[in-house]
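Derivation of every value follows stated rules applied to the coordinates shown; laboratory data play no part. As the structure is a prediction and not an experimental result, all values here were calculated from the model. Positions of Cβ are generated from backbone atoms using ideal geometry, with glycine treated the same way; all protein chains shown enter the neighbour counts.
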Amino acid sequence: MDHTDIEEQQIVDRYVMGKLPAEEAERFEEHFLSCPECLDRLELAESMQRGFKRAASEDAARIAAARQLAVVAWLARLSRSRQMAVLAMTLLVVAVLPAGLALRELARERERSAAGSHRAGEIEKLRSELDASRRDLTAERQAHTSAAEQLAQARQPQGNVPILFLDAERGTGEPSVRLRLPRTPGWIVLALTIDPPHQPSYRATLLDARGHEVWHGGDLRLDERDSLSLSLPSTLLAPGDYALAVEGLAPGRKPVPAGRFAFRVLPAA
């Protein structure tokens, strides 16, 4: 930046008035810090700017004083009764104006308080939702861990697996077959003898003593001994009476009852 550009573009005046772009102002500052001539110009321009502002302030004071004198002269031309009325009105305005401002400020404060309460409610709601999500996540992780443990146990060879050979019940008395739950969770095998006529496939529904469904499975096929084999985790059963309702399935036909197989589960010894 040279002096010719500074003169032609009125850099000093524009800098003092704050109209110089940031990049040009930065370059000019780097320049006048090492240029005594530009520094003198800058001080002169700033002193002139201060003089203009002071003169403008004095003019504003004179205008205000002239207005006050005009008001006094106008009051002097009024009768005494009208002067008293004007003064009373002025006092009323002076008294009411602070009250109005106070009411407006009170209304604003109430609005701010209401907004703050609303934000606090939203924050509390978000916290509750976050806590619920954390609890759900913890429960899901525990269920996943338990399922992984059961899967790992199921993949291991097991001995002494309880096997129940069940025939269809002919009456509605107490179950004649008993099953005692193992001490450690494992698998239970149910072998169901199906009487003819046989169907292409079967489905079975396990019900507890109250008739509530405990398990349901479909697409079951007979083995070479005309039996259905089901493997259930022992954790699925609690002590009590159970019944397996089996139905035969054939394409294009309604399900056909194939037997009711009842048994009683005893607690672990």
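Listing for the model above:
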| read-out | value |
| --- | --- |
| Sequence of Ile123, Ile163 once ranked by neighbouring C-beta atoms within 10 Å, starting from the fewest | Ile123, Ile163 |
| Extension gain (nm, one decimal) between Arg225 and Leu126, 0.36 nm per residue minus Cα-Cα | 29.5 nm |
| Point-to-point label distance, Cys35-Arg203, nm (Cα→Cβ direction, 7 Å offset) | 9.4 |
| Taking Val189, Val246, Val16 and counting other C-beta atoms within 10 Å, the order from fewest to most | Val189, Val16, Val246 |
